[in-house]
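K.L.:
One structure is given below, represented as structure tokens, and several questions about it will come after.
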Amino acid sequence: MDKCVFPLGNGVGIYSNSKLCVSIIDQSGNKKVKGMLLKEKKKFFSFPLIRGLIYFFYGLYIYFLTFFIQEKLDDRKEEDKNKSYKSARKINYLSGYIFFISSLLLAFLVGFLLLGITSNYLFNRAFPNFINYYFRRFMIALIRFALLYIVFSLLRFAPFMSGLYSFNGAGCLFLSEKEKEDAIKARTYPLNFLNFLLNVFLFSTFMVSLIAINIVWWANFLINLAIFFACIILCYEFLRIASLSKFLWIKDITLVTNWLVCGKPNITHEEVLQVALIELNTNNDFIETGKDRISMSTLYAEMQTKLKQSERFEQSDMDWIIATILNKNRAELKLIHSVSQKEYKDVMRACSRRAKGEPLSSIFGFVDFYGLRFDVNKKVLSPRMETEILVEEVIKKSREIEAKTILDLCTGSGAIAVTLAKYTDCKITATDISKQALQVAEGNAEKNNVNVEFIQSDLFNDLKKNKRYDIIVSNPPYIKSGDIEKLDIEVKKYDPRLALDGGDDGLDFYRKIIQNVGKRLNKKGWLYFEIGQGQKSDVCNLMQEGGFEDIQVVKDYNKIERIVYGRISR
């Protein structure tokens, strides 16, 4: 039993790798989570035949622990709990046993009437003169099976059972490793624990009724017990094969019973399950959440739901939001197990803005780039992770050729220029046509304690006439004018159009720079560009026509050709 889901009426328990984690949602809508470590299973537990019995009995034991943990999580004040809970708490030790025994007697009486007298009565009414013993046993077994199936079918639609079945449905999606949109293809998960119990109950009832041993009471008991164990083993192996099989028709067979215990989960059911799963994978020691605090697993699960709904889910975004608001670095997040109510609200507020398409740099007003922090606003393009590759290549080349001077064209926030000033010994000059952008860049240079010469200029126009550089680098606007409105909202709404629009074909700035760069590069100087997807051939051709040689292309983290550079041939 590597992993198993145990659904509850208001939550779910997940068992994996000898750890059990239970997550519930209380009547106030608050999610609570608690876990415990269990003893490791022996290796022989996974042997064929034995594994079915272990899954049954060990699973029942864990299910009992799941209910126990659920009770511990219900830490509301007595006056806040419902009437049924209050009544249950008033039952003393002795009356609890009386209630339990009475329930067993009632269950036995109903079972005797339903499965014993009723099935025999129905058979005798249907076949009053039929005396074939074997056919009689088969029909009685079939009638008992049908009666039980009808009872469970009625329970399937009982309102008080809906939560249990929906949480089981969420567990099936997790166990089958299917996303919500693939739920139909998943055919649920045949070996979910509730379906396994139901199959054992139905199949053993049918087989015991069919075989109908009648020797002496103790022999009857032992033989029926052996039949019951055999049914456990057979049900487990069949459901296991169905769960692992690639043939959907095998899974379809199990739907005969599986639909009885699986309901369609909604967002809340999946979110509660995610809380347990995240807690299971991150909180190894199961440190308890303090009173009036929110567990990190709950925080991550709710953020994940919100971002997935907007199709903007990125684990790194969640980490950055939490780390920024808690004023921690990302590595420290692993040591934090809960947040305060205020921190929770601040994180979810930022998450909601991110879900609407607002970039993190706009939400917080800064971005981390190459280990440095840069302030940004709507007047500058927020530096992207891919641009770090451009900076890295320029740093390597500057050390290789022992460069003295570097020019950064279209500097924007100053990320490239400031980073080069920080990590090289070169004198850095940076230009931009926007005065507002230069103000941001100057502030970032001061903040990172570097000296950069900033000049307001349309490319080379306002530079000193005879000034030349060993390396010129640029991340110019390269989006086609007609494509800007098609961009994602976080780009077209929050980045300045001036930093995006590269003309009709997106190549205007590459042409202008290459046409005039010869006068600005020292002998055998190097020119570096960041380019857009699909622009490699055009930019390389422009550089060849402009007198560049040894032209190289570098791919980004997504294997997209992102950097083009070359050496001027003169």
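The values are calculated or read from the model by the stated rules, or taken from the named source; none is laboratory data. Keep in mind that what you see is a predicted model, and the values were worked out from it rather than measured. No Cβ is skipped: glycine too gets one built from the backbone with ideal geometry, and neighbour counts run over all protein chains shown.
K.L.:
Could we say that Ala242 is more than 27 Å from Val33 (Cα to Cα), exposed (fewer than 14 other Cβ atoms within 10 Å of the Cβ) and small (Gly, Ala, Ser) here? Talk me through it step by step, then tell me what you get.
P.N.:
Working: more than 27 Å from Val33 (Cα to Cα): yes; exposed (fewer than 14 other Cβ atoms within 10 Å of the Cβ): no; small (Gly, Ala, Ser): yes.
No.
K.L.:
Can you spot a residue in the range 317-335 that is surrounded by fewer than 20 Cβ atoms within 10 Å (Cβ to Cβ), modelled with pLDDT under 85 and under 25 Å from Leu175 (Cβ atoms)?
P.N.:
no
K.L.:
Just checking, which of Ser316, Ser361, Ser340, Ser382 is under 28 Å from Gly290 (Cα atoms) and in contact with a strand residue (DSSP E or B) (Cβ under 8 Å, 6 or more places away or on another chain)? Break it down stepwise before answering.
P.N.:
Details: Ser316 fails: in contact with a strand residue (DSSP E or B) (Cβ under 8 Å, 6 or more places away or on another chain); Ser361 fails: under 28 Å from Gly290 (Cα atoms); Ser382 fails: under 28 Å from Gly290 (Cα atoms).
It is Ser340.
K.L.:
Just checking, how many residues over the range 177-192 are within 16 Å of Pro265 (Cβ to Cβ) and at pLDDT 85 or above?
P.N.:
Residues of the range 177-192 that are within 16 Å of Pro265 (Cβ to Cβ), as a first pass: 177-189, 192.
With at pLDDT 85 or above added as a condition, the list becomes 189, 192.
Residues meeting the conditions: 2.
K.L.:
Are any residues in the range 448-460 touching a strand residue (DSSP E or B) at 6+ places or on another chain (Cβ under 9 Å) and either loosely packed, with under 15 Cβ neighbours inside 10 Å or without any contact (Cβ under 8 Å) to a residue 60 or more places away in the chain (or both), and if so, which ones? Can you show your working first?
P.N.:
Initial filter on the range 448-460 (touching a strand residue (DSSP E or B) at 6+ places or on another chain (Cβ under 9 Å)): 448, 450-460.
Answer for the range 448-460, where residues must be touching a strand residue (DSSP E or B) at 6+ places or on another chain (Cβ under 9 Å) and either loosely packed, with under 15 Cβ neighbours inside 10 Å or without any contact (Cβ under 8 Å) to a residue 60 or more places away in the chain (or both): Val450, Asn451, Val452, Glu453, Phe454, Ile455, Gln456, Ser457, Asp458, Leu459.
K.L.:
Okay, moving on. From the list Gly443, Gly414, pick out the single residue that is assigned by TED's automatic domain parsing to the domain that holds Lys397 and in contact with a helix residue (DSSP H, G or I) (Cβ under 9 Å, 6 or more places away or on another chain).
P.N.:
Values: Gly443 fails: in contact with a helix residue (DSSP H, G or I) (Cβ under 9 Å, 6 or more places away or on another chain).
After applying the criteria, what remains is Gly414.
K.L.:
While we're looking at this one, here's another question. Please state which one of Lys308, Lys328, Lys334, Lys264 is of a type in the set (D, E, K, R), more than 30 Å from Phe196 (Cα to Cα) and part of a loop (DSSP other than H, G, I, E, B). Explain how you work it out, then say what you get.
P.N.:
On the way: Lys308 fails: part of a loop (DSSP other than H, G, I, E, B); Lys334 fails: part of a loop (DSSP other than H, G, I, E, B); Lys264 fails: more than 30 Å from Phe196 (Cα to Cα).
It is Lys328.
K.L.:
Let me ask you something else. Condition (residue is assigned by TED's automatic domain parsing to the domain that holds Asn168, within 20 Å of Gly9 (Cα to Cα), part of a loop (DSSP other than H, G, I, E, B) and hydrophobic (A, V, I, L, M, F, W, C)) applied to the range 240-255: is it met by at least one residue?
P.N.:
Applying the first criterion (assigned by TED's automatic domain parsing to the domain that holds Asn168) to the range 240-255 yields 240-255.
Filter once more, keeping what is within 20 Å of Gly9 (Cα to Cα): none.
Checked the range 240-255: no residue is assigned by TED's automatic domain parsing to the domain that holds Asn168, within 20 Å of Gly9 (Cα to Cα), part of a loop (DSSP other than H, G, I, E, B) and hydrophobic (A, V, I, L, M, F, W, C).
K.L.:
Kindly establish whether Lys379 is more than 23 Å from Thr305 (Cα to Cα), surrounded by fewer than 20 Cβ atoms within 10 Å (Cβ to Cβ) and either touching a helix residue (DSSP H, G or I) at 6+ places or on another chain (Cβ under 8 Å) or not assigned by TED's automatic domain parsing to the domain that holds Asp432 (or both). Give the steps one after another, and end with the answer.
P.N.:
Details: more than 23 Å from Thr305 (Cα to Cα): yes; surrounded by fewer than 20 Cβ atoms within 10 Å (Cβ to Cβ): yes; either touching a helix residue (DSSP H, G or I) at 6+ places or on another chain (Cβ under 8 Å) or not assigned by TED's automatic domain parsing to the domain that holds Asp432 (or both): yes.
The answer is yes for Lys379.
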